[in-house]
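The structure under discussion appears below in the form of structure tokens.
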Amino acid sequence: MSERMVRKLDLKIALSKIRPHPSPNAYLEQYTITPEVAAELLYLAAYTHDDIADKTVADLGCGTGRLAIGAALMGAKETTGVDIDRAAISTASRNAERLHVTPITQWVTADITVLRGDFDTVLQNPPFGVQRRNADRRFLKTALEIGRNIYSLHKSTDNNRKQSGTNQKTKLYIDTPSRFLKKTIQRYGGEITAIYTLQMSIPHMFGFHRKPKHQFYVDLYIIDSQH
């Protein structure tokens, strides 16, 4: 059984030490999930749904490893990060070493669709489809093929949000699914069990960015596989 990080503050501090991609690609939408959003996702998965501790976890499109490494810090049995970008995987491996979770993490440079196996939990921050329309569809399909419980982030289009009374400090909201994502998830054999909306920000990264920081909402879909 892995040692489990309990305090959310400690997790955020640890995740903030993860180094970003040295040369992110706009076409691949390589925006690193923030430590705050990653910590919220992991805490929901670990403490509300018991889907992290002593579980096998896959991180699809893992980038530099923030979700996979976070799951390892939260007591996962084993985590596997997959990304098509060799530089991202190389950075993720060094980040795992830096945070002392190398023995329970493994990294695969490949398209996510080649991953095979049976994972307890799948975590993913897929492309939102800004550069490539419906890019997140492949991630949902693969996640539902290999995982039992899926935590998937998608850009929110709903501005009518109801703030949860117990989570005001963390900017955690309850939301409703988009019709497109609901239909896609059902088509691939999944059932949405909950959706939370979180506020995320990205720094100025590419030449087309006009602001030093961009804030927006993301929806965290919690999905059960019906396979």
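Tabulated data for the structure shown
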read-out	value
Those residues of region 72-92 which are hydroxyl-bearing (Ser, Thr, Tyr) and farther than 10 Å from Val108 by Cα, in sequence order	Thr79, Thr91
Pairs, first surrounded by 24 or more Cβ atoms within 10 Å (Cβ to Cβ) in region 43-67, second of a type in the set (Ser, Thr, Tyr), C-beta under 6 Å, six or more apart	Ala45/Tyr151; Asp51/Thr121; Val57/Thr79; Val57/Thr121; Ala58/Thr80; Gly63/Thr32; Thr64/Thr91
Condition broken by Thr184, with the remaining ones in (1) within 23 Å of Tyr31 (Cα to Cα); (2) modelled with pLDDT of 90 or more; (3) of a type in the set (Ser, Thr, Tyr) satisfied	(1)
Selection status of Ala88, of a type outside the set (Ser, Thr, Tyr), crowded, with 20+ Cβ neighbours inside 10 Å and either in a strand (DSSP E or B) or at pLDDT 95 or above (or both)	no
Of all residues in region 119-163 being loosely packed, with under 15 Cβ neighbours inside 10 Å and polar (S, T, N, Q), the one that is modelled with the highest pLDDT	Asn134
Answer residue from region 184-193, given it is touching a residue at least 24 places away in the same chain (Cβ under 8 Å) and surrounded by fewer than 16 Cβ atoms within 10 Å (Cβ to Cβ) and is farthest from His49 (Cα to Cα) among those	Gly189
Residue ID - surrounded by the fewest Cβ atoms within 10 Å (Cβ to Cβ), chosen from residues in region 1-36 that are under 14 Å from the mean Cα position of the chain (by Cα) and modelled with pLDDT under 70	Glu29
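The values are calculated or read from the model by the stated rules, or taken from the named source; none is laboratory data. It should be emphasised that the depicted structure is a prediction, and the values quoted were computed from it without experimental measurement. Quick reminder, even Gly has a Cβ in these numbers, built from the backbone with ideal geometry, and neighbours come from all protein chains shown.
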